[in-house]
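Trainee: I have a structure I would like to understand better, so I am pasting it below and will then ask my questions one at a time.
The values are calculated or read from the model by the stated rules, or taken from the named source; none is laboratory data. Everything numeric here is computed off the predicted structure, so don't read it as measured data. Glycine also receives a Cβ, built like all others from the backbone with ideal geometry; neighbour counts cover every protein chain displayed.
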């Protein structure tokens, strides 16, 4: 690990100002950033710790009917999302997704905001944000899910922009199914299928350089929301990942298979 300066922010404004002045990195749960720093894959001159900002924590339900949404503070841990009665009742797929992230230690330290901001190609939360049509609230603006994820480890966030919360519209039904890499429990491929108020949305993580929507499966499910319809879609292996864990062709096959399982499990 390289030498760095540590600052503990007392407010979102304080953190944003420190990031703007130093060009440093924000530290949430540290499950992504600290690991990268230990491996010398990241070398921020300054680390700005957000953990002392209570306004960034919490889970609540806003609105009612078609306008109902679950709002989750950026520093809320995976374990808190997984065990939340509010989440489990409104969006069980989201609670189950959080429950399958990493191991118990990771779930008790890692945060939803940190995961989304890092945008790891195989992370689980980006699939939920994209498939559920969530809105990412920052200290400066609101960013729609379709506009947030830009590329491998790349998002729409500016250098001094901080995620404060994520708002998930409550879907009619949804489910997330992943094929985990056994050691890390990251998704070799993960698929979240959601029947939302705006239509069918299907997001895929782990298969490509970043999370993306599987429009071919969305179109098939719009006509027939059945497991067979999803499984029948042939996904192109072009631009999919190929590594020691699985070829691009294998991942392409998994996308359709996991999508069909998600449809069958959706509730």
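Trainee: Quick check: anything in the stretch 188-197 assigned to a loop (DSSP other than H, G, I, E, B) and buried (at least 22 other Cβ atoms within 10 Å of the Cβ)?
Mentor: no
Trainee: Right, something else. Scan the stretch 87-105 for residues that are in a helix (DSSP H, G or I), touching a residue at least 40 places away in the same chain (Cβ under 8 Å) and under 15 Å from the mean Cα position of the chain (by Cα) and jot them down. Let's see the steps before the verdict.
Mentor: Of the stretch 87-105, the ones in a helix (DSSP H, G or I) are 87-90, 92-99, 104-105.
Applying the additional criterion that residues be touching a residue at least 40 places away in the same chain (Cβ under 8 Å) yields 90, 92-94, 96-97.
Matches in the stretch 87-105: 93, 94, 96, 97.
Trainee: Applying the selection to the stretch 225-245, what residues are outside any helix (DSSP H, G or I) and either in contact (Cβ under 8 Å) with a residue 24 or more places away in the chain or surrounded by 12 or more Cβ atoms within 10 Å (Cβ to Cβ) (or both)?
Mentor: Selection gives 225, 226, 232, 233, 235, 237, 239, 240, 241, 242, 245.
Trainee: With respect to residue 220, determine if the residue is free of Cβ contacts under 8 Å to residues at least 40 places away in the same chain and not in a loop (DSSP other than H, G, I, E, B).
Mentor: Judged against the criteria, residue 220 is a match.
Trainee: Of the numbered conditions (1) in a strand (DSSP E or B); (2) within 25 Å of residue 255 (Cα to Cα), residue 117 fails exactly one; give the number of that condition.
Mentor: For residue 117, the failing item is (1).
Trainee: Another question, if that's okay. With the requirement that a residue be in contact with a helix residue (DSSP H, G or I) (Cβ under 9 Å, 6 or more places away or on another chain) and surrounded by fewer than 22 Cβ atoms within 10 Å (Cβ to Cβ), what does the stretch 246-255 give you? If you could, list the steps in order and put the result at the bottom.
Mentor: So the first thing to find is which residues in the stretch 246-255 are in contact with a helix residue (DSSP H, G or I) (Cβ under 9 Å, 6 or more places away or on another chain), and the list is 246, 255.
Result: 246, single match.
Trainee: Residue under question is residue 59, and the condition is that it be touching a helix residue (DSSP H, G or I) at 6+ places or on another chain (Cβ under 9 Å), farther than 22 Å from residue 190 by Cα and in contact (Cβ under 8 Å) with a residue 24 or more places away in the chain; does it hold?
Mentor: Judged against the criteria, residue 59 is a match.
Trainee: Further question on the same structure: Check 26, 13 and return the single one that is loosely packed, with under 15 Cβ neighbours inside 10 Å and under 25 Å from the mean Cα position of the chain (by Cα).
Mentor: Values: 26 fails: loosely packed, with under 15 Cβ neighbours inside 10 Å.
Testing whether each residue is loosely packed, with under 15 Cβ neighbours inside 10 Å and under 25 Å from the mean Cα position of the chain (by Cα) leaves just 13.
Trainee: Condition first: without any contact (Cβ under 8 Å) to a residue 40 or more places away in the chain, out of contact with any helix residue (DSSP H, G or I) (no Cβ under 9 Å at 6 or more places or on another chain) and in a strand (DSSP E or B). Now tell me which residues in the stretch 139-167 satisfy that.
Mentor: 142, 143, 144
Trainee: If you don't mind, another one. Would you tally the residues in the stretch 51-97 being under 18 Å from residue 266 (Cα atoms) and either surrounded by fewer than 14 Cβ atoms within 10 Å (Cβ to Cβ) or not assigned by TED's automatic domain parsing to the domain that holds residue 167 (or both)?
Mentor: Matching residues across the stretch 51-97 total 1.
Trainee: Another one. Within the stretch 31-50, how many residues are surrounded by 13 or more Cβ atoms within 10 Å (Cβ to Cβ), touching a strand residue (DSSP E or B) at 6+ places or on another chain (Cβ under 9 Å) and part of a loop (DSSP other than H, G, I, E, B)? I'd like the intermediate steps shown before the answer.
Mentor: At the first step, the residues of the stretch 31-50 found to be surrounded by 13 or more Cβ atoms within 10 Å (Cβ to Cβ) are 31-34, 36-37, 42, 44, 46-50.
Still in the list and also touching a strand residue (DSSP E or B) at 6+ places or on another chain (Cβ under 9 Å): 31, 33-34, 37, 42, 44, 46-50.
This time we only want the ones that are part of a loop (DSSP other than H, G, I, E, B), so: 31, 42, 44, 50.
Of the residues in the stretch 31-50, 4 are surrounded by 13 or more Cβ atoms within 10 Å (Cβ to Cβ), touching a strand residue (DSSP E or B) at 6+ places or on another chain (Cβ under 9 Å) and part of a loop (DSSP other than H, G, I, E, B).
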